[in-house]
1. Filtering the stretch 104-118 down to residues that are crowded, with 17+ Cβ neighbours inside 10 Å and over 15 Å from Arg333 (Cα atoms), which residue is nearest to the chain's Cα centre (by Cα)?
2. Out of (1) at pLDDT 95 or above; (2) under 15 Å from Gly297 (Cβ atoms), the odd one out for Trp383 is which?
3. Given the options Pro63, Pro101, Pro43, name the one that is surrounded by fewer than 16 Cβ atoms within 10 Å (Cβ to Cβ) and in contact with a Ser or Thr (Cβ under 8 Å, 6 or more places away or on another chain).
4. So in the stretch 328-349, with the set limited to residues that are assigned to a helix (DSSP H, G or I), touching a residue at least 60 places away in the same chain (Cβ under 8 Å) and not β-branched (Val, Ile, Thr), which one is farthest from Asp363 (Cα to Cα)?
5. Kindly provide the set of residues from the stretch 323-364 that are basic (Lys, Arg) and in contact with a helix residue (DSSP H, G or I) (Cβ under 7 Å, 6 or more places away or on another chain), ordered by number.
6. Got a sec? Which helices (runs of 4 or more DSSP H) wholly within the stretch 34-96 have at least 1 residues that are more than 36 Å from the chain's Cα centre (by Cα)?
7. Within the stretch 350-394, restricting attention to residues that are among the hydrophobic types (A, V, I, L, M, F, W, C), assigned to a helix (DSSP H, G or I) and over 24 Å from the mean Cα position of the chain (by Cα), which residue is surrounded by the most Cβ atoms within 10 Å (Cβ to Cβ)?
Amino acid sequence: MVDLSKSGSKVESDRVGRVSLPPADYVLELLKLDADALKLIEPPSKRHQYRAVINWVTNYKCPPEVNEKLEVVKGYLEAFYHLCEVEDWERAKQILNIKVPPVDEYLDSQLRSWDYYEECIHIYRRLLGKLDQYWESICLNGLGIAYYFLGEYHKAIEYFQQSLQIAREIGDLLTEGKALGNLGNVYDSLGEYHKAIEYHQQSLQIAREIGDRSGEGSALGNLGNVYYLLGEYDKAIEYYQQLLQIAREIGNRSGEGAASGNLGLAYYLLGEYDKAIEYHQQSLQIAREIGNRSGEGSALGSLGNVYYLLGEYDKAMEYYQQSLQIAREIGDRSGEGIALGNLGNAYYSLGKYHKAIEYYQQDLQIAREIGTRSGEGHALGDWGESLLKLEKYTESLEYSQAALEILKQIGERHYQAKVLKNIAETHQHLGNLDAARQYCDEAIAIFTELGVPELKECQELREEIHKSSRVC
């Protein structure tokens, strides 16, 4: 579905994900730094810092044996921190304006695309309070995005609200629209779908007022995402179709691919699998044409999901394996975790619960390594559900309770309700019918509030528990 910040493709070229950086002369011109003029800078300690900036930009080359993408742009990051040491904030911010080929994403956006959220947080924090209000709003928005992807939703809301307030004070409608859209995405992740819709509608209105076609497309896609999660797939499709039309009109191939993928997801859940495959194939083709390997991996995973639902598990796993391979090649740890989780789901559906757990375990490890609390909660919940099927009820409770604790902390209510249902079922098997009722009622309350399709299945479980109580 439409992402909060990763609208562009990830940058990579050769097999280890190496990128071709802009020429040093271009960067020095952007920074307005002249090596010959350094001798005029006093005191010497300050001059040394500027000399370090030029050296890092001009001479640093990532060692060929290093696969870490952060190392590729290390020269820029070191230059940034040296500029911060001399409090040259204007030049420091220009480092973030360096466009990294081949998709020409700004450096900070590229770091987000590579999942380096902690690094982004360090960068934005160094600039807070050092520049004008426009840049203050940008940094606050960037912090919100980083914390969003780390699963710290309430912290993300704080930063987006601050960014929104400043944008309104200075009349920056473009940043205001982005902040509103980002707030909508956070509330979407928190399961507060109707609040999310309000923010996305405001974002859409601003985008149309200022003629921001790209922002209009993002808002339409985000509205589609909310209705998708609410199970209103026909309405979601309407929004995705509008997004697709705008993306084609403005020549946004990445947006076109994302819209096609989203349409595939919606038709997939409507049970129109031929249409789903058609749109995912379009998304895959576009991703390959523009060199968006992250999008390629996502499309392959989505195709796997369709064949998974069709019961063609072997074919599904072929797509998941391809998705996993791409994620590993480009260093997309988040995508790697998703692919591992999908493979776990496939083995779960085949009744191979031990094998499923192996994949969930790897998914969990990655989530913890990159600090995504949401991913950690999902992996623990999936693991707990597999243990439930293996009738290891005590262990299942342990993992499900751990998942529940995380999901409550971050406020991710939709999956929280699913875990509550699994805990209820586990207690039912253990004969703890009062506890089973309690957890089931909690799940029903959330599903009812969200208005999602899982409610019916949970109500059926509640009836089973009630019947068990009468038998007792």
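The values are calculated or read from the model by the stated rules, or taken from the named source; none is laboratory data. The model shown is predicted, which means the values in this text are computed figures rather than measured ones. Backbone-built Cβ (ideal geometry, glycine too); neighbour counts: all protein chains shown.
1. For the stretch 104-118, the residue satisfying everything is Ser109.
2. (2)
3. Pro101 is the lone residue from the list that is surrounded by fewer than 16 Cβ atoms within 10 Å (Cβ to Cβ) and in contact with a Ser or Thr (Cβ under 8 Å, 6 or more places away or on another chain).
4. Glu329
5. Step one: of the stretch 323-364, the residues basic (Lys, Arg) are 328, 333, 352, 355.
Within the stretch 323-364, Arg328, Arg333, Lys355 qualify.
6. It comes to 44-59.
7. Among them, the one singled out is Leu387.
Okay, residues lined up against (1) of a type outside the set (A, V, I, L, M); (2) touching a strand residue (DSSP E or B) at 6+ places or on another chain (Cβ under 7 Å); (3) modelled with pLDDT of 95 or more; (4) buried (at least 16 other Cβ atoms within 10 Å of the Cβ):
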| residue | (1), (2), (3), (4) |
| --- | --- |
| His154 | yes, no, no, no |
| Ile157 | no, no, yes, yes |
| Gly181 | yes, no, yes, yes |
| Asp188 | yes, no, no, yes |
